[in-house]
Amino acid sequence: MANETTLILFKPDAITKNLTGEVLARFAKEGFVIRGIKMMTLSDEILAEHYAHIAAMPFFPSVRGFMQETPVIALALEGDNVISRIRDLLGPTDSTTAAAGTIRGDFGDKSGDSKMRNVCHASDSQEAAAAEIKRFFKDSEIFAY
Ligand code: ADP
């Protein structure tokens, strides 16, 4: 078991559908601990950095627009193997292929936007998690207690 911290973003569809409490409860049930949490609007610059791996894709402008529809909630979450366990809890990118019982399967878009409106972002590796926590949080916004 590796103790890790991951970066979650509650995307604008989670905000507008008021899913934050329900999804946070799933994380709490797993025993994960909140080390940082805040609401923020995402600039073009931070989105270009965060989504550099899809910036050349034709759908990137839609993703950027989507991520700016409302503020997002960023979460630094700690726990044993939290990075892969949260990715499992989320399910795959396309909500229509995500199993029932996963967050994307239960709450993601099931119509034309199923690959984009998928509730949460979560870091996919230890390297990504470290970079993403630094991207969204100042050191003083991460709490040990
Ligand atoms: P994940 O968030 O599952 O790790 P990616 O890193 O591949 O997925 O993509 C980042 C985000 O870009 C996705 O969560 C989704 O919101 C959006 N996205 C990915 N692929 C598509 C697509 N084909 N069409 C529209 N949006 C997409």
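The values are calculated or read from the model by the stated rules, or taken from the named source; none is laboratory data. Because the structure is predicted, anything quoted here is derived from the model rather than measured. Virtual Cβ from ideal backbone geometry, glycine too; neighbours counted across all protein chains shown. SASA here: full protein model, heavy atoms, side chains in, ligands and nucleic acids out. Shrake-Rupley method; radii C 1.70, N 1.55, O 1.52, S 1.80 Å.
Scan segment 74-87 residue by residue and report those that are within 14 Å of the ligand (Cβ to nearest atom) and either open to solvent by 20 Å² or more (accessible area, probe 1.4 Å) or not in a helix (DSSP H, G or I) (or both).
Taking segment 74-87 first, the residues within 14 Å of the ligand (Cβ to nearest atom) are 83-84, 86-87.
Correct list: 84, 87.
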> Could you list, in sequence order, the residues of segment 88-119 that are within 20 Å of residue 66 (Cβ to Cβ), assigned to a helix (DSSP H, G or I) and not β-branched (Val, Ile, Thr)?
Replying inline: 90, 95, 104, 105, 106, 107
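Right, residue 31: closer than 20 Å to residue 130 by Cα, among the small types (Gly, Ala, Ser), modelled with pLDDT of 95 or more and touching a strand residue (DSSP E or B) at 6+ places or on another chain (Cβ under 9 Å) or not?
Details: closer than 20 Å to residue 130 by Cα: no; among the small types (Gly, Ala, Ser): yes; modelled with pLDDT of 95 or more: yes; touching a strand residue (DSSP E or B) at 6+ places or on another chain (Cβ under 9 Å): yes.
No, not satisfied.
Checking the structure you have, find out if any residue of segment 43-52 is exposed (fewer than 15 other Cβ atoms within 10 Å of the Cβ), in a helix (DSSP H, G or I), within 11 Å of the ligand (Cβ to nearest atom) and at pLDDT 95 or above.
Here is the first cut: in segment 43-52, the residues exposed (fewer than 15 other Cβ atoms within 10 Å of the Cβ) are 43-46, 48-49, 52.
From what is left, the residues that are in a helix (DSSP H, G or I) are 44-46, 48-49, 52.
Filter once more, so that each one left must be within 11 Å of the ligand (Cβ to nearest atom): 52.
This time we only want the ones that are at pLDDT 95 or above, so: 52.
Looking for residues that are exposed (fewer than 15 other Cβ atoms within 10 Å of the Cβ), in a helix (DSSP H, G or I), within 11 Å of the ligand (Cβ to nearest atom) and at pLDDT 95 or above, one finds at least one in segment 43-52, hence yes.
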>> Take the residues in segment 120-134 that are surrounded by fewer than 19 Cβ atoms within 10 Å (Cβ to Cβ) and of a type in the set (D, E, K, R); name whichever of them is farthest from residue 14 (Cα to Cα).
In response: 127
>> Every residue in segment 89-102 that is loosely packed, with under 15 Cβ neighbours inside 10 Å and either over 15 Å from residue 24 (Cα atoms) or within 12 Å of the ligand (Cβ to nearest atom) (or both), please.
In response: 93, 94, 96, 97, 99, 100
>> Suppose the filter is in contact with a Ser or Thr (Cβ under 9 Å, 6 or more places away or on another chain) and among the polar types (S, T, N, Q); does residue 81 pass it?
In response: no
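Suppose we filter 107, 137 for residues that are farther than 16 Å from residue 17 by Cβ, of a type outside the set (Gly, Ala, Ser) and either out of contact with any strand residue (DSSP E or B) (no Cβ under 6 Å at 6 or more places or on another chain) or surrounded by 19 or more Cβ atoms within 10 Å (Cβ to Cβ) (or both); which single one remains?
Numbers: 107 fails: farther than 16 Å from residue 17 by Cβ.
The unique qualifying residue is 137.
Checking the condition open to solvent by less than 20 Å² (accessible area, probe 1.4 Å) and among the hydroxyl-bearing types (Ser, Thr, Tyr), which residue from 16, 20, 6, 70 passes? Before the answer, list the steps.
Details: 16 fails: open to solvent by less than 20 Å² (accessible area, probe 1.4 Å); 20 fails: open to solvent by less than 20 Å² (accessible area, probe 1.4 Å); 70 fails: open to solvent by less than 20 Å² (accessible area, probe 1.4 Å).
Just a single option satisfies the conditions, and that option is 6.
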> Looking at 117, 64, which is the one that is open to solvent by 60 Å² or more (accessible area, probe 1.4 Å), at negative phi and touching a residue at least 12 places away in the same chain (Cβ under 8 Å)?
Replying inline: 64
